[in-house]
Amino acid sequence: KAEAMTRRFRTAGGSSAMTYLTSPAEWTKEAQKLRKLKEKYALPAEVDNLELSLARLHDLLEIVSDVVSKVAKGEAKGDETVGRYLAETLAMVPRMDEAEFEKMIGDSLRDHLMVLFCTKLTQIQLAMTEKLLAVDLQ
């Protein structure tokens, strides 16, 4: 049975110790803890938020469309105030064709991916620098 092993090393600030997990059971436990923490504190990605918002908007538009259809067919009585409100709301929506909309979303997505790439690259550089500075070569 393998057990955790502690190794001492010297850093610029003094002596430190690091515990290494040597058994697969310990790795699994730590991986499960890490996964639970990530799930608990994870924020939805920007694309996920957009997808949820669009799905909710689609559901609301279906409800409004059903009501308007019933009023247009004479199956339900219409309300002038609600009709004006819907007309004003729809007038606020900018008009753009599908190609222009797809280009706008594609450009935004590319920009977002580039920022994510640069962020990860910076995190890796900082981690490597920290580890290299912690090594005492004497």
Note, ³J(HN,Hα) from phi for segment 76-81, Karplus 6.51, -1.76, 1.60, rounded to Hz, x at Gly and Pro
9, 7, x, 10, 4, 4
Residues meeting the amide H criterion for residue 76 (H placed from the backbone, H to H distance under 5 Å, 5 or more places apart or on another chain) are 71
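Once the convex hull of the C-alpha atoms of segment 80-120 is built, how many Å³ does it hold per residue, rounded to a whole number? Numbers along the way, then the final one.
Working: hull volume 3.3 nm³, N = 41.
Roughly 82 Å³ of hull volume per residue.
Return the carbon/sulfur percentage of the accessible area of segment 43-138, one whole number, probe 1.4 Å, all protein chains in place.
Working: 5870 of 9050 Å².
Its accessible area is 65 percent carbon and sulfur atoms.
Treat every Asp and Glu Cβ in segment 96-138 as -1 and every Lys and Arg Cβ as +1, leave all other atoms uncharged, and give the resulting dipole magnitude about the Cα centre to the nearest 20 debye. Working shown, then result.
Values: 4 positive and 8 negative charges, 77 e Å.
So the magnitude is around 380 debye.
I need the calculated FRET efficiency for the pair residue 80 and residue 52, taking r as the beta carbon distance and R₀ as 30 Å, to the nearest 0.05. Walk me through the intermediate numbers first.
Working: r = 33 Å, r/R0 = 1.11.
FRET efficiency, residue 80 to residue 52: 0.35.
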List the pairs from 33/120; 38/103; 70/103 whose alpha-carbon separation is above 29 Å, in the order I gave them.
38/103; 70/103
Evaluate E = 1/(1 + (r/R0)^6) for residue 73 and residue 97, where r is the Cβ-Cβ distance and R0 equals 22 Å; express this FRET efficiency to the nearest 0.05.
0.15
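Scan segment 95-138 for trypsin sites (Lys or Arg not before Pro) in coil per DSSP, keeping those whose Cβ has at most 16 other Cβ atoms within 10 Å, and list them by number. Provide the component values of the computation, followed by the final result.
Details: sites: 95, 103, 110, 120, 131; in loops: 95.
For trypsin sites (Lys or Arg not before Pro) across segment 95-138 that sit outside H, G, I, E and B with at most 16 neighbouring Cβ atoms in 10 Å, the list reads 95.
Compute the length gained on full extension between residue 32 and residue 119: take 0.36 nm times their separation in residues and subtract their Cα-Cα distance, giving the result in nm to one decimal.
Numbers: separation 87, 0.36 × 87 = 31.32 nm, distance 2.59 nm.
Full-extension gain reported as 28.7 nm.
The values are calculated or read from the model by the stated rules, or taken from the named source; none is laboratory data. Bear in mind that the values here come from a model prediction, so they are computed numbers and not experimental data. Positions of Cβ are backbone-derived with ideal geometry, glycine not excepted, and every protein chain shown enters the neighbour counts. SASA here: full protein model, heavy atoms, side chains in, ligands and nucleic acids out. Shrake-Rupley method; radii C 1.70, N 1.55, O 1.52, S 1.80 Å.
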